[in-house]
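For reference, the structure discussed in these notes is given below.
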Amino acid sequence: MKTYISILRGINVGGHKTIKMDALKKMYNDLHFENVQTYIQSGNVVFQSSNSNSKELEVIISTQIKKHFDFDVPVIVLDKKELKEIIENNPYLKDQTKDLSLQCITFLSSNPKQFNIEAIKLKQTQGEEFTITEKAVYMYCPNGFARTKLTITFFEKQLNVIATTRNLKTSNKLLSIASELV
């Protein structure tokens, strides 16, 4: 049994694509996943499965969401080791001048192949920093996430990948929940 973290894009935001967490948990249980746990209302699910293919799990979950809730939701599935590595590779963690509450991770569905870094930099506001890797975009937004122009949608278009963002607190909590599962 392998431990996974699935992060859903764009549910329960502004009254759109509403999914109650108990209904989402039931759907995961109906898929025969084990030890299913949700965290907050933004579509974070920790579970275990004997299926060892993350991409296959993404398709299974998004297909079931479409079937049960009648809308499309992109899903990114990471195993516990991947999530841990992504969090640990955050280049801003070691910088004591960067407030942890102003950092987030945009998880990427695949490695961005080609992108125009200069076009992305044009959207940066003063003090903002970002680092793009194969699996994530790390961001430091000193003016707050609500004010940045470096949005999920912007990165999806620039990098040509599906993406979803979680703040550092949520990312760490998901890893903690996953680490408690044996």
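The values are calculated or read from the model by the stated rules, or taken from the named source; none is laboratory data. None of these values were measured; they are calculated from a predicted model. Cβ: placed from backbone, ideal geometry, glycine included. Neighbour counts: every protein chain shown.
In table form, for the structure just shown:
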{"read-out": "Odd one out for Lys94 among (1) in the same structural domain as Ile162 (by TED's automatic domain parsing); (2) farther than 23 Å from Ser171 by Cβ", "value": "(2)"}
{"read-out": "Hits in segment 144-154 (condition: touching a strand residue (DSSP E or B) at 6+ places or on another chain (Cβ under 9 Å) and surrounded by fewer than 11 Cβ atoms within 10 Å (Cβ to Cβ))", "value": "Thr153"}
{"read-out": "Residues that are among the charged types (D, E, K, R) and either part of a helix (DSSP H, G or I) or not assigned by TED's automatic domain parsing to the domain that holds Glu129 (or both), drawn from segment 144-159", "value": "Glu156, Lys157"}
